[in-house]
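Take a look at the structure set out below.
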Amino acid sequence: MKLQLAMDVLTLEDALELSGKVAEYVDIIELGTPLVKNAGLSAVTAIKEAHPDKIVFADLKTMDAGELEADIAFKAGADLVTVLGVADDSTIAGAIKAGKTHGKGVVVDLIGVDDKAARAKEVTDLGAEFVEFHAGLDEQAQDGY
């Protein structure tokens with residue numbers, strides 16, 4: 001089992017501060033999608049440089065250009081990236097190809113997928129090693145969730 005910190009902060013400064021406080025207690029440091037979009041992939045590089053012994057997870061939520069986006073993130077220092085399970089199979093396969101090229105991992109995020117069990121099998125057949133059953137913040141905020 002590995003313990004993962006999901007950093008849903010918006011700035012690199014806040015991410016470095018937070019990760020510095022908890023790094024000794026966690027195995028995986030996840031840069032949430034808002035952080036990656038706000039601070040860019042340079043945040044991935046900075047977190048990896050600050051914590052080279054940790055698995056750095058860039059939650060890209062890639063929907064298109066899977067191989068290209070995963071390749072860029074891996075070159076920036078990510079050990080894991082996400083691709084959306086609702087993406088085309090070719091997008092997922094491309095991200096997995098980039099992961100294999102770099103010796104890194106791809107997490108297929110099933111947010112927004114109606115039949116999560118069926119899609120999990122499909123993406124596993126595509127070569128995905130990690131499948132994430134994910135309920136988004138907006139979904140969790142709905143009455144009755």
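The values are calculated or read from the model by the stated rules, or taken from the named source; none is laboratory data. These figures come from a predicted structure and were not determined experimentally. Just so you know, the surface numbers come from the protein's heavy atoms only, side chains and all, with ligands and any DNA or RNA stripped out. Shrake-Rupley method; radii C 1.70, N 1.55, O 1.52, S 1.80 Å.
Each Cα pair under 8 Å and six or more residues apart adds its separation to the average, and for the stretch 28-145 the resulting relative contact order is 20 percent. Counting protein heavy atoms only, the stretch 20-145 has 51 percent of its accessible area on carbon and sulfur, 1.4 angstrom probe.
Here the contact order of the stretch 1-67, divided by its residue count and restricted to Cα pairs under 8 Å and six or more residues apart, works out to 35 percent. Among 124, 62, 91, the residue with the largest mean-square fluctuation in a Gaussian network model of the chain, with springs joining Cα atoms closer than 10 Å, is 124. Once you sort the root eigenvalues of the Cα gyration tensor of the chain as a ≥ b ≥ c, which label holds: rounded (a/c under 1.5), prolate (a/b larger than b/c) or oblate (the other case)? Since a/c reaches 1.5 but b/c is at least a/b, the shape of the chain is classed as oblate. Rolling a 1.4 Å probe over the heavy atoms of the protein chains gives the chain an accessible area of 54 Å² per residue. Which lysines have a Cα less than 20 Å from the Cα of residue 75, not counting those fewer than 8 places away in the same chain? Candidates past the 8-residue exclusion: 37, 48, 54, 61, 97, 100, 104.
Near the amide H of residue 134, within less than 5 Å, lie the amide hydrogens of 110, 111, all on another chain or at least 5 residues away, with H placed in the peptide plane. What is the stretch 1-85 by shape, rounded, prolate or oblate, if you read a ≥ b ≥ c off the alpha carbon gyration tensor as root eigenvalues and call it rounded for a/c under 1.5, prolate for a/b larger than b/c, and oblate otherwise? Prolate is the answer for the stretch 1-85, as a/c is 1.5 or above and a/b outweighs b/c.
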